[in-house]
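Asks: For reference, the structure I am asking about is given below.
Nothing in this text is a laboratory measurement; each read-out follows from the coordinates by a stated rule. Not measured: the values here are computed from a predicted model. When we count neighbours, we look across all protein chains shown, and the Cβ atoms used for this are built from the backbone with ideal geometry, even at glycine.
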Amino acid sequence: MAILNAVISWIIKKRIHQIELFIKYPHEVQNEWLKRLLNDAKDTEWGKKYDFKNIDSFEKFKNNVPLNDYDSLKPSIDRLRNGEKNILWHSDIKYFAKSSGTTNDKSKLIPVTQEALEHCHYKGGKDLLSIYCNNFPDTLVFDGKGLAVGGSRDASYYNTDIFYGDLSAIIMKNLPLWAEFIRIPNLSIALLDNWEEKIDKMAMASITENVTNISGVPSWTLLLLKRILEITGKKDLTEVWPELELYIHGGVNFKPYKEQFRQLIPSDKMNYLETYNASEGFFGIQDTTDRDEMLLMLDYGIFYEFLPLDELHNSHPKTLSLSEVELDVNYALVITTNAGLWRYLIGDTIKFTSLNPYRIKITGRTKNFINAFGEELIIDNAEKALAIACEKSGAVVNEYTVAPVYLNENKNGAHEWLIEFSKSPENFEYFSEMLDNALKSLNSDYEAKRYRNLLLKAPIIRQMPTNTFYNWMKKKNKLGGQHKIPRLSNDRIFITEIYEMNKNLF
C-alpha cells in the first residue's frame, strides 16, 4: 500500500500543477484547443465543408460553422453508425453513448472517440481524485474500494466494429484490468438491465467490502443505500462501511438529497464532491471544500462557447467566448469536442460564480423550465426555493415535478407541485407559503406574475405516496442512473401520467 500511495501522490502533484497552468492561462489554453480541434478535423467532410483549414480566429469560427443541436447532427451521426468514416472527426468512431435526455423520450446516440475517452472522460475521473486528495492529504480513500452506481445498458453491437450503450458501460469496458480490483460491483452486475435485480445484487456484493467512496446519481444511489440498510439491519451506513469518506455525485442538483445522505451517513469525516460530466464530455469538478461550485476544466479537448438565453431563439444567435462572460448570467452551454461535436448546444444552462478561476454552477436545461405566464422559472430557482421551504418547515423532499395549471375563464393560473416527501412538513400551508415567498425572492418575473394573485395564484402542493416516481419511471422503462425525473415542464404531460397512476387520490 505504501508503494501505491507514493505513486498516487506523484501523479496527483503532477496533475495539480497542470491544472494550475490552465487556471493561470485560461484563454490561451482554450484558443490553443480550438486550433488543435480544427487542424485535426480539417480533412474531414465537415472540415472541408466549413473550410476549417482557413479558420484562424473565434469570430471566423462562428461565421463559418453553424450552431448545432442533436437533430442537425443526427444525419452525420447516423452515417457514422453505419460504418462511414471521416465525417465529423478524423479517427475511427467505434462507440456511441446512448442518452435519452431529461424531457425527451427519443434516445440520442453521442459519438465517443478514443481521444474523448482518454483525454476527457478518463482524465476527468483521474482529476477528481487528484483534486480531492490535494484538498484532503490525509485521505484513506485508496485503502478500500469504490462503489459505482452506473447505467444499465451494456455496450451492444451495431456491427462487428461499432457499439452503443450507456457511457458508463463504454467507460467500464475500456478500463484497464487493474481498475477492476479497486471498484465494485463487477461488470456482470454493474451492467444488468433489470434495475430491481441489479439493486439487490449490488447490495449483496458490496456489504462485505471495505467501501471508502461511492459515485452515482443521487436518487438511484439513495435507493441502493436504503436497500443495504434493509438487508443488513444496520442503523446507518457507518455501521456497514466505517471507512466511507466520499460521495461523488452529478447529473442533478444535490441539495434536495443532501439531508437524506446525512441521515444515512451521519459521519463528520464524510465529504461530498460534485462533478459535471455527460455523454458529450466531462466539464467541471468541484475543487473547493467550502462552496458547491465547479472548476471549468479547460484542457479536456473541449472548446467552450456561451449563449446568453435571450439569444437562444434568435435566427443568428451570438455566442460569447470564455473571455467575454459575466458573473451570475445564465448561459446555454455550447461545446466543440474531440468527438466531432461542432458548436453543439448540449441543452444545459450554467452561470459563472467566479471569473478567476472560472467556476460554474448548473442552473437548468434550455428545454426544462416553466414559462407559461412569462415567469421564466428555471430549475435553479425551483431547487433553491424548495431547499428554503424544507429548512423552514423541517421537511425533506425525495422527488418532485412541477407543471403549470393554465388560465381559464374562472380561475387564475398556478404552478402545481407533485412532491414525494421522505419527511412531510407538519403544516402544508406554511410549507407552500415559504416556497412561494422564496420563489418571489429568487425570481422577479415570478414575483410580478404573483402580484395580488392577478395572474398566478399560490403554488398547489400535492403530496404523493412513497415510490410514486419510482413506479412511474419503472412503467416508462426508465429505471437507472442515466434517467432523471423531469423537474419543470411547460406542459402537463408528465403530471397527467402520474395522475393516471394515482387515480384513487384525486
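Asks: Over the chain, what is the relative contact order in percent, taking alpha-carbon pairs closer than 8 angstrom and at least six residues apart?
Replies: Rounded, it is 13 percent for the chain.
Asks: Strictly over 30 Å apart at the Cα level, which of LYS234/LYS258; LYS258/LYS318; LYS351/LYS440; LYS318/LYS474; LYS60/LYS351; LYS392/LYS476 would you flag in this model?
Replies: With Cα atoms farther than 30 Å apart: LYS258/LYS318; LYS318/LYS474; LYS392/LYS476.
Asks: Once each part is reduced to its C-alpha centroid, what is the distance from region 229-259 to region 443-499 in angstrom?
Replies: 26
Asks: Once R0 is set to 25 Å, what does the formula 1/(1 + (r/R0)^6) return for the Cβ-Cβ distance between LEU312 and ASP78, expressed as a FRET efficiency to the nearest 0.05?
Replies: 0.45
Asks: I want the local charge near ASP161. Using Cβ-Cβ distances under 9 Å, sum +1 for each Lys or Arg and -1 for each Asp or Glu among the other residues.
Replies: Every neighbour counted, the sum reads 0.
Asks: Between TRP342, SER267, LEU322, whose Cα lies farthest towards the positive end of the dipole of region 263-369 when Lys and Arg beta carbons carry +1 and Asp and Glu beta carbons carry -1, centred on the Cα centre?
Replies: Checked the options; the winner is TRP342.
Asks: Next up: Charges only on Cβ, +1 for Lys and Arg, -1 for Asp and Glu: so what's the dipole of region 369-505 about the Cα centre, in debye to the nearest 20?
Replies: 360
Asks: Excluding residues on the same chain fewer than 8 positions from LYS126, give the aspartates and glutamates whose Cα lies under 17 Å from its Cα.
Replies: Within the straight-line cut-off, LYS126 pairs with GLU20, GLU115, GLU118, ASP143, GLU180, GLU274, ASP287, ASP299.
Asks: Relative contact order for region 388-506 using alpha-carbon pairs under 8 Å, separation at least 6, rounded to a whole percent?
Replies: Relative contact order for region 388-506 comes out at 31 percent.
Asks: So for the chain, taking the charge dipole from beta-carbon charges (+1 Lys/Arg, -1 Asp/Glu), which of PHE181, ASN277, SER168 sits furthest toward the positive end?
Replies: Farthest along the dipole direction, towards plus: SER168.
Asks: When only C-alpha pairs under 8 Å and at least 6 residues apart count, what is the relative contact order of region 385-456, in percent?
Replies: Relative contact order of region 385-456: 36 percent.
Asks: Would you list, by chain and number, the lysines whose Cα falls below 18 Å from the Cα of LYS94, excluding same-chain residues fewer than 8 positions away?
Replies: Hits, sequence-local ones excluded: LYS74, LYS85, LYS108, LYS173.
Asks: Same structure, new question: So if I place +1 on the C-beta of Lys and Arg and -1 on the C-beta of Asp and Glu, and nothing else carries charge, what would the dipole magnitude of the chain be about its Cα centre? I want it in debye, nearest 20.
Replies: For the chain, the charge dipole is close to 660 debye.
Asks: Say the dipole of region 369-505 comes from +1 at the beta carbon of Lys and Arg and -1 at that of Asp and Glu; which of TYR499, TYR430, ILE461 then lies farthest toward its positive end?
Replies: TYR499
Asks: Pull up the cross-link candidates among the aspartates and glutamates for LYS62, meaning alpha carbon to alpha carbon under 17 Å and not fewer than 8 places away within one chain.
Replies: Reachable aspartates and glutamates: GLU32, ASP51, GLU305, GLU311, GLU324.
Asks: So, one more: Find the centroid of the Cα atoms in region 132-148 and in region 374-436, then give the distance between the two in whole Å.
Replies: 37
Asks: Moving to a separate point now. Counting Lys and Arg as +1 and Asp and Glu as -1, what is the net charge of the other residues whose Cβ lies under 12 Å from the Cβ of ALA395?
Replies: Neighbourhood net charge equals -2.
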